[in-house]
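The values are calculated or read from the model by the stated rules, or taken from the named source; none is laboratory data. Since the model is a prediction, treat every value here as computed from it, not as a measurement. Virtual Cβ from ideal backbone geometry, glycine too; neighbours counted across all protein chains shown. The area values use the complete protein model at the heavy-atom level, side chains included, leaving out ligands, DNA and RNA. Shrake-Rupley method; radii C 1.70, N 1.55, O 1.52, S 1.80 Å.
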Amino acid sequence: MPPHPPAPLRLTVDLDALAANYRWFAARGEPAECGAAVKADGYGIGARAVVDRLAREGCRDFFVATWCEAAELMPLTEGLRLHVLHGLLPGDLPTALAFDALPVLNTPEQVALWRTAAPDRPCDVMVDTGMNRLGLPATAVGAGLLDGLTVDTLHSHLACADEPDSPTNSRQLAAFRVVADILPARRRALANSAGICLGSDYHFDLTRPGLGLYGGVPHPAAKGHLRPVIRAEAQVLQLRDLSPGDCVGYNATFVASAAMRLAVINLGYADGYLRAFSNHGQAFIGGRSCPVIGRVSMDLTVVDVTALPPIAVGDWVEIDLDLPRASAVSGLSQYELLTCLGPRYQRRYL
Ligand SMILES: *Cc1c(COP(=O)(O)O)cnc(C)c1O
């Protein structure tokens, strides 16, 4: 076999920045314990690396969506707890019984399944307090549905935590308190990253930040306190000089009004650099901005390097993935920007 070719696209993950962000949320949420959402492969960053690093910071509770994601992280280091947010369907039972992870039970069917299969093993419970996504209705908890089960953590999830002034937050908080007073769970958990920023009323015993750990800014109160975690770079494949009137890319959405010099870089929407960045995104070379020109293609993006000192094929270009800024220019959420980062990036962990 010939040697593996070098990747033309790389993602550098700053695990110290991740750890610093974790410490910020942990301190802000004190005395509640601070967990970490590592679903969707650690928001695209690499769940294994995130779990290992945050475990060193004292994080003990990790959240994934599915048993497939849980299986990827097994075996887990002694003392860590994995919570599976989607609960379980009958087909998950063999996995759920084989692994020491906690299903977050969301429906009466899931409760019945767990009661039959593993009545003595602890589980978590999600109660719906108004988001109308996953979770048991509060009335079911009051009616004794969970009697006899050992509930590790009672959860609910906020719909509008990133809108500090939304009345939905206090309404959900009040509904959660009612259920928390009825159900004898070891711990109670309500806050995601933005929820932690809403204040101590929302912290309870355990928090579940995700986005903010990865450098996303979930709420105005977190601005300036979180470090960027990812840095994306792509290689220049071709340089090209345009004359006025020349057009660029699919559907010729850009037409040059003056002579210009362009660099074609090895990055496209298959790498999560979606077409929303067409004519809106930017890259940096030597700290100087190079606007995205024309439409982003599947594997290629074109940037304007007219104003820059000479560059060469093979040079590395940094893609602007400052999450709040990239979200504002593209209309994509910070979550989408992270979780769409594709498998073609070579991930390097600092
Ligand atoms: C994804 C998720 C989180 C983490 O939310 P962030 O907004 O990324 O901090 C917390 N709780 C639940 C139930 C989730 O699904």
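What the table shows:
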item: Amide N proximity, the range 304-325 versus residue 348 label position 7 Å along Cα-to-Cβ, cut-off under 19 Å; result: 312-322
item: Highest to lowest packing among 321-330, 334-343, scored as the average C-beta count within 10 Å; result: 334-343, 321-330
item: With 5 Å bins from 0: P(r) over the range 8-161, alpha-carbon pairs, percent; result: 2, 9, 18, 19, 19, 15, 10, 5, 2, 1, 0, 0
item: Surface/4 of the Cα convex hull for the chain, nm²; result: 20.7 nm²
item: Accessible-area composition of the range 138-186, carbon plus sulfur, in percent [1.4 Å probe]; result: 53 percent
item: The range 8-29 residues near the modelled residue 225 label - backbone nitrogen below 18 Å, point 7 Å along Cα→Cβ; result: 17-29
item: Sulfur and carbon atoms: percent of accessible area, the range 1-112 [1.4 Å]; result: 58 percent
item: Segments 39-52, 141-154 sorted - mean Cβ within 10 Å per residue, highest first; result: 39-52, 141-154
item: Magnitude of the charge dipole, the chain, Cβ model with Lys/Arg +1 and Asp/Glu -1, debye to 20; result: 380 debye
item: Fraction in percent of alpha-carbon pairs per bin - 10 Å, the range 1-92; result: 14, 42, 28, 13, 3, 0
item: Lys/Arg +1, Asp/Glu -1 at C-beta; the range 141-287 dipole; positive extreme among 262, 183, 247; result: 262
item: Gaussian network model of the chain, Cα within-10 Å springs - most flexible of 254, 63, 204; result: 254
item: From phi via Karplus (6.51, -1.76, 1.60), per-residue ³J(HN,Hα) for the range 183-199 in Hz, x at Gly/Pro; result: 8, x, 9, 5, 9, 10, 9, 10, 9, 8, 4, 5, x, 4, 6, 6, x
item: Residue-normalised accessible area of the chain, given per residue in Å² at a 1.4 Å probe; result: 45 Å²
item: Unit charges on C-beta of K, R, D, E only; dipole of the range 55-149, Debye; result: 80 debye
item: FRET efficiency, residue 253 to residue 333 (Cβ-Cβ, R0 22 Å, nearest 0.05); result: 0.40
item: Residue 143-residue 52 pseudo-label distance in nm [points 7 Å out on the Cα-to-Cβ vector]; result: 4.8 nm
